[in-house]
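The next block holds one structure in the form of structure tokens; read it before the comments.
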Amino acid sequence: MAKPEVLITGANGEIGQRLVEYLEEEGRYDIVALDLTEPAPELAEKTKAFYRGNILDKHLMDGIETHHRFEIIFHLAGVLSSTGEKNPMLAHHVNVDGSLNILQIAQNHSQASGKSVVFVFSSSIAAYGIRKEDDTTVPVSVRQYLTPMTMYGINKLYIEQLGRYYCTSYKGEEGEDSVKLDFRCLRFPGLISPQTVPSGGTSDYGPEMLHAAAQGKPYSCFVSPGTMLPFMVMSDAIRSLIMLSRAPEDQLRHRIYNVTAFSVTARQIMKKIEQYWPEAEIDFEPVLKRQAIVDSWPDRIDDGPARRDWDWHPEYDFDSAFDNVLVPHVRKRYENK
Ligand code: AKB
């Protein structure tokens, strides 16, 4: 019997690669993947179809819509915060217009099959905009401080709202009542993966510091030592995507959830790395623009609603993340290089 199909956009990105691997190993879905960049053959082999192209390409999107029937869509593709600040127009096109194309596929498939497509969107702490005078000693809830300073953050916030709109109010072109898609969204903190080094983001200093130390390379951190951000290891990010996608809809009191694992300063990350690589050469040379972006993100976010509604909890805190996952895996990754 044919398996249900899942679409993963941004499948060659940091989260996408791990999600493809997870779902392929589980064997529950036929995986249809989409990314702008060419995947490694080992990744492409795990999918039923790997489309290389742009989510703005209407012709490609129409082809994907016609050739498949998705039960679930993980929409991960997007231009990240630092890249987005260098090219805000591009970020807006890809993040907003591209997302609209994917939402429309989900909506059309929901209507055609008479069953709501589950649409999982990866949003970000970039949706927040904290000012100096704001009190962030208390973890920030999903509805507070929604005045993002980056194009990326503004785009994320808007897509969250678009998703909510499709899910609750959308009517077809003729104004007819339609079967609506089932929108679910996670606001991710900074993510740290032992397998990949991110690029184009602003929480990248955490993973960059780790991967540089493991390779014996010096690292100059672009935020100040006291800068604090919430983080999570990649395996917990994948768990949260899977858990939210499978939570019974009637248990979801919200459409948008924060998830987090530990809040640490850049100095704490450096100290942790020095426990394992005492010779690591790490210094701090804050870059004004990137520092301002990170300063506009909350130190701590409240993931209580996710814990209550769908039993979310991270598997790894700061110590166990580094001791049990990140350090052993990055060591292995670079041991013969
Ligand atoms: C970025 O830094 O842009 C991302 C994010 C926090 O969403 N990693």
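Each value in this text was obtained by applying a stated rule to the coordinates, not by laboratory testing. On a predicted model such as this, the values are computed, not experimentally measured, just so you know. Cβ sites come from the backbone with ideal geometry, for glycine too, and all protein chains shown count toward neighbours.
Annotation: lysines with alpha-carbon distance below 17 angstrom to Lys271 (same-chain offsets under eight excluded): Lys217.
The calculated FRET efficiency for Ala2 paired with Gln215, based on their beta-carbon distance and R0 = 45 Å, is about 0.55.
Here the dipole of the chain is about 240 debye; that uses its Cα centre as origin and unit charges on the Cβ of Lys and Arg (positive) and Asp and Glu (negative). Whole angstrom only: what separates the Cα centroid of the stretch 280-305 from the Cα centroid of the stretch 14-51? Taking the Cα centre of each part, the stretch 280-305 and the stretch 14-51 sit 31 Å apart.
Taking each residue as 0.36 nm, the span from Gln161 to Arg333 lengthens on full extension beyond its C-alpha to C-alpha distance by 58.0 nm.
Please sort by residue number the GluC sites (Glu not before Pro) in the stretch 102-179 whose DSSP state is loop and whose Cβ has at most 14 other Cβ atoms within 10 Å.
Answer in residue order: Glu133, Glu173, Glu174, Glu176.
Can you put Val325, Val233, Val142 in order, fewest other beta carbons within 10 Å first?
Val325, Val142, Val233
Within the same chain, lysines fewer than 8 places from Lys3 are excluded, and of the rest, those with a Cα less than 20 Å from its Cα are Lys46, Lys48, Lys115. Around Lys337, under 15 Å between beta carbons, what's the net of Lys plus Arg minus Asp minus Glu among the other residues? My count for the surroundings of Lys337 gives +3.
Distance between the modelled labels on Glu45 and Asp319, one decimal in nanometres: 4.0 nm (7 Å Cα→Cβ projection).
If R0 equals 35 Å, the separation of the Cβ atoms of Asp283 and Arg308 corresponds to a calculated FRET efficiency of about 0.25. Shape analysis of the stretch 152-272 yields a ratio of the Cα radius of gyration to the Kirkwood radius, Rg/Rh, of 1.10.
Mind jotting down a quarter of the surface of the convex hull over the alpha carbons of the chain, in square nanometres, one decimal?
Details: hull surface 69.3 nm².
Mean projected area for the chain: 17.3 nm², to one decimal.
The gain in end-to-end length when the Lys132 to Lys271 segment is fully stretched comes to 47.4 nm, 0.36 nm per residue minus the alpha carbon separation.
The alpha carbon gyration tensor of the stretch 260-299 gives principal lengths a ≥ b ≥ c with a/c of 1.5 or higher and a/b no greater than b/c, which makes the shape oblate. You can think of it this way: the chain between Ser113 and Glu21 has 30.4 nm of extra reach, that is 0.36 nm per residue less the Cα-Cα gap.
By the combined test of axial Cα extent (at least 15 Å) and Kyte-Doolittle hydropathy (mean at least 0.5), the qualifying DSSP H helices of the chain come to 234-246.
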